Amino acid sequence: MTIFKTILLSVAAFIATCMSSQAQEKKLVFTPHWLPQAQFAGFYIAQDQGYYAEAGLEVDIIHPSASVNALNFLVEGNADIISLFLITAVNAVKNGIDLVNIAQFSQHSAIMFVSKKSSGIETLQDFEGRKIGIWMSGFEEVPKALLSEHSINAEWIPIMSTVNLFLLGGIDVMTVMWYNEYNQIYHSGINHDEMNTFFMADYGYNLPEDGLYTLRHTHQDKQDELKAFVAASARGWDFAAQNKEYTINLVVRLMQEANVPSNAAHQRWMLDKVLESREIEHKDVNRFELHHDDFEKAVSIIQAAYNSNIQIVFEDFFQPVLPLNK
């Protein structure tokens, strides 16, 4: 009887070990590329509504700070998946990081410059010699490439996550996102008709931004988990689009828990604009597909901006984990 019990205990221990190992294989860490906000609402919803759990995943969403690039989390092994702008990802590959894009969640550019009309800055040429705010945690590739293309020399001033320096006149121009800082400036008391806006897309830089990226070895080793993550995240975004007020309340609560300043009206604006950025421009492209032309444009920008001859193969870079059904 004692021997039988010992065998049972051994079998139970073995099964528990296997189950623990399987559970460990299904844990994923996702790091968005900015602080908590409605830009990442679909992922919060997927967790809140249990979509990740239904897919057999235990997902931790860990945000970087305003001064740390999400790439650091990936390279240092602290995240399995991150979100990034396409241009940032291409630049990372140029610098030797073996990234792959597993799903493209936005299809348009929302990055722009803004100036006060009172500054007299009306055109790109007026940027010459001016102070331009740029985020410390990255995203500088497109703004710098645009000015370089036009042979404009400006002074780039690193900023954190607020618009205060622009409001106080410490910088002449600020790099902003249409769905975020532009609206923050408006809510701070500067009316739309008191600002000049310079959308990168209007100057030939309409590059898709938020995509999901992982290291190549993770893409090879965790195919099932990555498929489940992207599918569950897609469900989250669909829910967010159909249940905006619930989504805004969730986002605001998460921001408050993270001690990040929150404003429901601003997050509502952000969610609307982010959902617009997910609309398909190329009729032959799936909603999570990276278009080849957009990729080639990003590569050419990086080559020109850094005088680099880097060659990146599209089929190596874009490795979707879900079927791209039209």
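Per residue of the range 114-130, what does 6.51 cos²θ - 1.76 cosθ + 1.60 with θ = phi - 60° give for ³J(HN,Hα)? Whole Hz please, x for Gly and Pro, Karplus curve as stated.
For the range 114-130, the Karplus-derived couplings read 9, 9, 7, 4, 5, 7, x, 8, 10, 10, 4, 4, 6, 6, 3, x, 8 Hz, x marking Gly and Pro.
Would you kindly derive the ³J(HN,Hα) couplings of the range 80-89 from the backbone phi angles with the Karplus curve 6.51 cos²θ - 1.76 cosθ + 1.60 (θ = phi - 60°), listing them in order in whole Hz, with x for Gly and Pro?
Karplus values, whole Hz, x for Gly and Pro: 8, 9, 9, 9, 8, 5, 4, 5, 5, 5.
Pairs LYS144/LYS297; LYS94/LYS131; LYS94/LYS273; LYS94/LYS227; LYS26/LYS273; LYS116/LYS144: which exceed 22 Å Cα-Cα? Before the final figure, lay out each step's value.
Details: LYS144/LYS297 15 Å; LYS94/LYS131 28 Å; LYS94/LYS273 30 Å; LYS94/LYS227 26 Å; LYS26/LYS273 33 Å; LYS116/LYS144 20 Å.
With Cα atoms farther than 22 Å apart: LYS94/LYS131; LYS94/LYS273; LYS94/LYS227; LYS26/LYS273.
Give the percent of DSSP beta bridges with both residues in the range 111-203 that are antiparallel, rounded to the nearest 5.
Working: 10 of 17 bridges.
Restricted to the range 111-203, the bridges split so that about 60 percent are antiparallel.
Using only C-alpha atoms and all pairs of different ones, pull out the Kirkwood radius for the range 48-172 in Å with one decimal. Let's see the in-between values first.
Numbers: mean 1/r = 0.0582 Å⁻¹.
So the Kirkwood estimate lands at 17.2 Å.
How much length would be gained if the chain were fully extended between SER308 and ASP193, taking 0.36 nm per residue of separation minus their Cα-Cα distance, in nm to one decimal?
Working: separation 115, 0.36 × 115 = 41.40 nm, distance 4.03 nm.
Stretched out fully, the SER308 to ASP193 stretch lengthens by 37.4 nm.
How large, in Å, is the range 170-304 by the Kirkwood hydrodynamic radius built from its alpha-carbon pairs?
Numbers: mean 1/r = 0.0559 Å⁻¹.
It is 17.9 Å.
Suppose we keep just the DSSP beta bridges with both residues in the chain; what percent of those would be antiparallel, to 5?
Details: 18 of 32 bridges.
Roughly 55 percent of the DSSP beta bridges within the chain come out antiparallel.
Determine the calculated [θ] at 222 nm for the chain from helices alone, applying -39500 (n - 2.57) to every DSSP H run no shorter than 4 residues and normalising by the residue count; nearest 500 deg cm²/dmol. Each step should come with its number before you reach the end.
Values: 14 runs with 143 residues, N = 326.
After summing the helix terms and dividing by residue count, I get -13000 deg cm²/dmol.
Given the options ARG235, ARG253, ARG268, state which has the largest fluctuation in a GNM of the chain using a 10 Å cut-off (strictly under) for Cα springs.
Looking only at ARG235, ARG253, ARG268, the largest GNM fluctuation is found for ARG253.
Under a point spin-label approximation (7 Å from Cα along Cα-to-Cβ), what is the ARG287-ALA53 distance to one decimal in nm?
2.5 nm
How much length would be gained if the chain were fully extended between ASN78 and GLN223, taking 0.36 nm per residue of separation minus their Cα-Cα distance, in nm to one decimal? All intermediate terms of the calculation are to be shown ahead of the outcome.
Details: separation 145, 0.36 × 145 = 52.20 nm, distance 1.84 nm.
Full-extension gain reported as 50.4 nm.
Quick check for you: with a 1.4 Å probe and neighbouring chains kept, what is the accessible area per residue of the chain, in Å²?
On the way: 14960 Å² over 326 residues.
Ligands and nucleic acids excluded, the result is 46 Å² per residue.
Give me the orientation-averaged projected area of the Cα convex hull of the range 31-108, in nm², one decimal.
The orientation-averaged projected area of the Cα hull of the range 31-108 comes to 5.8 nm².
What percent of all Cα-Cα pairs in the range 183-249 falls in each 10 Å bin, counting up from 0?
Per 10 Å bin, starting at 0, the Cα pair percentages come out as 15, 22, 31, 24, 8, 0.
For the chain, what % of the accessible area comes from carbon and sulfur atoms, probe 1.4 Å? Provide the component values of the computation, followed by the final result.
Details: 7560 of 14960 Å².
Summing carbon and sulfur atoms, their accessible area is 51 percent of the total for the chain.
D for the chain, whole µm²/s, Stokes-Einstein with Kirkwood Rh over alpha-carbon pairs at 10 °C and 1.306 mPa s: what number?
75 µm²/s
Can you give the three extents of the C-alpha atoms in the range 97-148 along their principal axes, from longest to shortest, in whole Å?
That works out to 44, 22, 18 Å along the principal axes.
Mind listing the Cα extents of the range 111-203 along all three principal axes, in Å, largest one first?
Projected onto the principal axes, the Cα atoms of the range 111-203 cover 33, 28, 24 Å.
The values are calculated or read from the model by the stated rules, or taken from the named source; none is laboratory data. Just so we're clear, the structure is a prediction, and the values are computed from it rather than from any experiment. Counting neighbours? That spans all protein chains shown, and the Cβs are built from the backbone with ideal geometry, glycine included. Heavy atoms of the whole protein, side chains included, go into the accessibility calculation; ligands, DNA and RNA do not. Shrake-Rupley method; radii C 1.70, N 1.55, O 1.52, S 1.80 Å.
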